[in-house]
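Enquirer: First, the structure itself, so that you have it in front of you.
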Amino acid sequence: MDGDSHRVSRVSRVSRARSGQPEADAPAVPTDPTAPQVTGGEVDVGYDAITDVNLTPGGGGTGGSGRRDASGHAGGRGRGRGTGRPGLGLTRTLLWILVAAVPLTFLGVFFAYPVASLIGRGFVTDGILDLGGFAEVFARPRTWRIVRLTLTQAVLGTTGAVLLGIPGAYVLYRCTFPGQRIVRAVVTIPFVLPTVVVGVAFRTLLADSGPLGFLGLDGTFTAIILALVFFNYAVVVRTVGGMWERLDPRTEQAARALGASPARAFLTVTLPALTPAIASAASVVFLFCATAFGVVLVLGGIQFGTIETEIWIQTTQFLDLRAAAVLSVMQLVVVAGSLALFAQARARRERALRLQSTQPASRARNSGQLGFKGRKFGPWRAGADLLPAAVTAVVVGVLVLLPLGTLLIRSLRTPSGWGLGNYVALGTTGGDNALTVTVWEAAFNSLRIAVDATVLAVVMGVLVALVLSRRPRHPAARQAIGWMDSLVMLPLGVSAVTVGFGFLITLDAPPLDLRSSPVLIPIAQAIVALPLVVRTVLPVLRAIDPRLREVATVLGASPARVLAAVELPFLIRSMGLAIGFAFAVSLGEFGATAFLSRPDRPTLPVVIFRLIGQPGAENYGMALAASVVLALLTAGVMGLAERLRGERAGEW
């Protein structure tokens, strides 16, 4: 064994001794249930990469003999650059504090400050704190009607998404069949569609002239619930299915061998193991349903308003900041509760469950038959799978494909017949000059803004994920990371309307007078997309074996070198999906953009909403065609991101 190999071998034994693992036959890298698997082969590549980047020459590496001192640290010449040097440890701590300060400052200036200022203005009268607004707003019957509708909408939407999503998770992630990847991609499309497009699609589907017009659901509360289930179905399927495909099947097989029926084995064995994932998905769906804006505004209007739409109405139509502030506080309470439940469920999901560390079951494909871990189901099994397969087929066909297909077909109908007239009209400003710019100009504005917002969201999100992926030993540091994790999730649930209006009333004086600046909308959209970027990248970083970082450190690598040699290769795997999520969210963001967009620089969702509100068949046809264009853009971006991401990444 040569010198370099000897040192790597010794360091590997040191890292295993620190973690309390046996020196021989070291186990594969531990996996995170929410992240891609880091197999033993990949660990070998990681160790080779560390030794191949020439860390040891120059007298600052591991040193000659690899001896250990009484404290257990690496001895010899390597201590100067190892973890045993107090000054270096302090430097690294300060470096990570600086890294955390960048996104926290960004969120503080462009999220916490505008939201707090908007809420504060509602509670301050002539410079004096006045909490009488709570009693005044709560005394209105309209307020309690809005609260009741919001909670009812969120509960029904969450229940529908969970009940329909669990069979879909089983079929799409626990079974195998031809075209499975295509169906997974189709199911994901609704989640990335702009809410305005979802509203227009269901309005077209349920209208009197639509395929389901005979049901009489147009403009009803049921239409909103169906649209919310459509929008959040993929969240349940992906979250629950991601855990289901890696559950150890032997416990269920043992229950079946002891005489349990398939239903009893599912209820007593599989369902309890899936409970953390189901709770995590349900809390996120409840959050999305409770804060829905575009879907409710298009399908329900004022008649079925929610807290989100009421904040918009109070600020834009009545200029009642006090009422808007009280409603914002109420929404923050709902958001905080949902995020607390989500964090608790995610922590339970990340605990040690008996998960598959090998290839997922869905990769053992059996031609033409449902399969499970490479075993073909016989005729008796096909009967057991018939019900979830039938439910999934109906949901995908009726709830997912039918609204999108109807939107596409109706966009081809013009007052003079069938054709591409509505798409040709996108180059105009609509009937009676309904718009100030053409739809294509608005589409270009949306793309440009989305690029800027994506860059900003990805940079900030990666910095946050790097900090949250640390495993500090000090309790105070761990608690600080936990608080930071909760803080960066707040933009996911706080009203985008609140953020947008807060921008207008706070960023109006030097040095932050950005009301007429083109960077204002990208900043607002980046704040909305930031939590999704973090939740996509963070599980990948947490799945990295800490021994890789320890080996690189003991070999003399600086923190930047450790980041480049160890974490960057894993980070790149999740960047495609993170970029896709950020771009799709920015492209379809409507709540904050509705406040901030200028008449001469509107975005595509804003233009669609304006066209819907204008009379005339020409304008409505243009709205349908513009919705198809926006849907194709977002679906294309997410399709490309799915192909670039490689292994499964993220929580959704």
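Enquirer: What FRET efficiency would be calculated for the residue pair GLN479, LEU563, taking the C-beta separation as r and a Förster radius of 30 Å, to the nearest 0.05?
Expert: On the way: r = 24 Å, r/R0 = 0.80.
The computed FRET efficiency comes out at 0.80.
Enquirer: With N set to the number of residues, divide the alpha-carbon radius of gyration of region 525-591 by 2.2 N^0.38 Å and report two decimals.
Expert: 1.39
Enquirer: Mind checking the dipole of region 185-316: about its Cα centre, +1 per Lys or Arg Cβ, -1 per Asp or Glu Cβ, Debye to the nearest 20?
Expert: Rounded to the nearest 20 debye, it is 460 debye.
Enquirer: Roughly how many percent of the accessible protein surface of region 85-195 is carbon and sulfur, given a 1.4 Å probe and a whole-percent answer?
Expert: Here it works out to 75 percent.
Enquirer: Out of the total accessible area of region 501-652 (probe 1.4 Å, heavy atoms of protein only), what percent is carbon and sulfur?
Expert: 65 percent
Enquirer: Shifting gears a bit: Compute the distribution of all C-alpha to C-alpha distances in region 430-497, in bins of 10 Å from 0, and list the percent of pairs in each, rounded to whole numbers.
Expert: 16, 29, 24, 16, 9, 5, 1
Enquirer: Can you give me the orientation-averaged projected area of the convex hull built on the Cα atoms of region 517-652, in nm²?
Expert: With every direction weighted equally, the projected area is 10.3 nm².
Enquirer: Okay, next question. Read phi for every residue in region 470-475 and hand back ³J(HN,Hα) as whole Hz from Karplus 6.51 cos²θ - 1.76 cosθ + 1.60, θ = phi - 60°, with x for Gly and Pro.
Expert: Working through the residues one at a time gives 5, 10, x, 8, 6, x Hz.
Enquirer: Quick check: pseudo-label points 7 Å beyond the Cα along Cα→Cβ at GLN317 and THR152, how many nm apart are they?
Expert: In this crude label model, GLN317 to THR152 measures out at 1.9 nm.
Enquirer: In whole Hz, with x marking every Gly and Pro, tabulate ³J(HN,Hα) for region 98-109 from phi via Karplus 6.51 cos²θ - 1.76 cosθ + 1.60, θ = phi - 60°.
Expert: Couplings: 5, 4, 5, 5, 5, x, 5, 5, 4, 5, x, 6 Hz.
Enquirer: Still on this structure: Working out 0.36 nm times the residue gap between VAL102 and ARG471, then minus their Cα-Cα distance, what length gain in nm do you get to one decimal?
Expert: Full extension from VAL102 to ARG471 adds 130.9 nm.
Enquirer: Ok, one more. Non-local amide H neighbours of THR414 (under 5 Å, H modeled in plane, Pro and chain starts lacking H): which ones?
Expert: GLY419
Enquirer: Whole number in Å², please: accessible area per residue of region 547-652, 1.4 Å probe, ligands, DNA and RNA not counted.
Expert: On the way: 3440 Å² over 106 residues.
With the other protein chains kept in place, region 547-652 gives 32 Å² per residue.
Enquirer: Would you mind putting 564-577, 420-433, 466-479 in packing order, based on average other-beta-carbon counts within 10 Å, highest first?
Expert: Per-residue mean Cβ counts within 10 Å order the peptides as 564-577, 420-433, 466-479.
Enquirer: Show the residues, 5+ positions off or on another chain, whose built amide H is closer than 5 Å to the amide H of VAL124.
Expert: Residues meeting the amide H criterion: ASP130.
Enquirer: Can you work out the FRET efficiency for the pair VAL333 and ILE182, with r the C-beta to C-beta distance and R0 = 41 Å, to the nearest 0.05?
Expert: Result of the calculation: an efficiency of 0.50.
Enquirer: What residues qualify as long-range amide H neighbours of LEU247, i.e. H under 5 Å apart, gap of 5 or more or another chain, H built at 1.01 Å from N?
Expert: Result for LEU247 returns GLN356.
The values are calculated or read from the model by the stated rules, or taken from the named source; none is laboratory data. What you see is a predicted model; the values in this text were computed from it and never measured. Here the Cβ is made from the backbone with ideal geometry for all residues, glycine too, and neighbour counts use every protein chain on show. In case anyone asks, the SASA skips ligands and DNA or RNA and just uses the protein heavy atoms, side chains included. Shrake-Rupley method; radii C 1.70, N 1.55, O 1.52, S 1.80 Å.
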